[in-house]
Amino acid sequence: MFLGLAWYWWLILLVAFIVSLPLKIKLMKRFAENNKKRNDTDSYND
């Protein structure tokens, strides 16, 4: 046990972290594209 968690919990957390990284990058790119499009078509820029 490390910090009160069994080894398989650390393995599960590690796998979840590795899987979430590409998803996070993908979502951040999509958000940046949408934000850029929104700023390009924004009529509030006087």
**Asked** Using beta carbons and a limit of 9 Å, which pairs, at least six apart or on different chains, have the first residue in segment 1-21 and part of a strand (DSSP E or B) and the second one not β-branched (Val, Ile, Thr)?
**Response** PHE2/TRP10; LEU5/LEU13
**Item:** Scope segment 1-32; condition at pLDDT 90 or above and of a type in the set (Gly, Ala, Ser); matching residues
**Value:** ALA16, SER20
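The values are calculated or read from the model by the stated rules, or taken from the named source; none is laboratory data. A quick note: this is a predicted structure, and the numbers were derived from the prediction, not measured. Cβ: placed from backbone, ideal geometry, glycine included. Neighbour counts: every protein chain shown.
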